Amino acid sequence: MRILFLNGPNLNLLGQREPEVYGHTTLADIETKVRQRAKQLGADIDFRQSNLEGELVGWIQQAKGQFEAIVLNAAAYTHTSVALRDAIAAVGVPTIEIHLSNVHAREEFRHKSLIAPVCVGQIAGFGWRSYILGLEASVNVNDRS
Ligand code: DQA
């Protein structure tokens, strides 16, 4: 199973960025942890980050036929991007929305996710472990038992 991890704006700053909210783990550390768990699960992963909305849209479009699932931390674009939402809906690759922080316990503007209605589900609030939970959800994404 091939899983595409996509990370949106400012997630390249994890480790130094508001550590009281996002923790001290860097994005590279998270990628290492995800790769370790993926190996145990027999999944192949690709792990990318961009600060550019259009680049994320392009990667979602290219995922069709290449990946069985997408695990997406769209960061601030979660709350603003019709383009990301439309790309997920257009491409139809099952997508799992993740967040390090519990967005529902934060500022009101973070309560609304424009991508949630076109995602399989949402995982939020478990720090870097949200990525591991996202991975575990993605490998079972077609199991409705
Ligand atoms: C985030 C939550 C978003 O509201 C925020 O803009 C981020 C990170 C998270 O992982 O908790 O950049 O997606």
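Scanning the chain for trypsin sites (Lys or Arg not before Pro) in DSSP loops with at most 14 other Cβ atoms within 10 Å, what's the longest stretch left with none? Don't skip to the end; give the middle numbers.
Details: sites that count: R17, K64, R106, K112, R144.
Counting at most 14 other Cβ atoms within 10 Å as exposed, the longest clean stretch of the chain is 18-63.
Taking the DSSP beta bridges in the chain as the whole, what percent of them are antiparallel, to the nearest 5?
Working: 0 of 18 bridges.
The antiparallel fraction comes to roughly 0 percent.
Which GluC sites (Glu not before Pro) from the stretch 84-145 combine a DSSP loop assignment with at most 11 other Cβ atoms within 10 Å? Can you show the working numbers first?
Working: sites: E97, E107, E108, E136; in loops: E107.
Loop-located and lightly packed - E107.
Can you give the extra length, in nm with one decimal, that the chain gains between V82 and E107 once fully stretched, where that is 0.36 nm per residue apart less the Cα-Cα distance?
Working: separation 25, 0.36 × 25 = 9.00 nm, distance 2.02 nm.
7.0 nm is the gain from fully extending V82 to E107.
If you place +1 on the Cβ of every Lys and Arg and -1 on the Cβ of every Asp and Glu, how big does the dipole about the Cα centre of the chain come out, in debye to the nearest 20? Intermediate results must be reported in sequence, preceding the final value.
Numbers: 14 positive and 15 negative charges, 46 e Å.
Result for the chain is approximately 220 debye, rounded to the nearest 20.
How large are Rg and Dmax for the stretch 80-119 when calculated on the C-alpha trace, in angstrom?
10.9, 31
How big is the shadow of the Cα convex hull of the stretch 4-145, averaged over all directions, in nm²?
Working: hull surface 32.0 nm².
Across all orientations, the stretch 4-145 yields a mean hull projection of 8.0 nm².
Each reported figure results from applying straightforward, stated rules to the coordinates on display, with no laboratory input. Quick caveat, the model's predicted, so the values are computed rather than measured. Neighbour counts run over all protein chains shown; Cβ positions are idealised from the backbone, glycine included.
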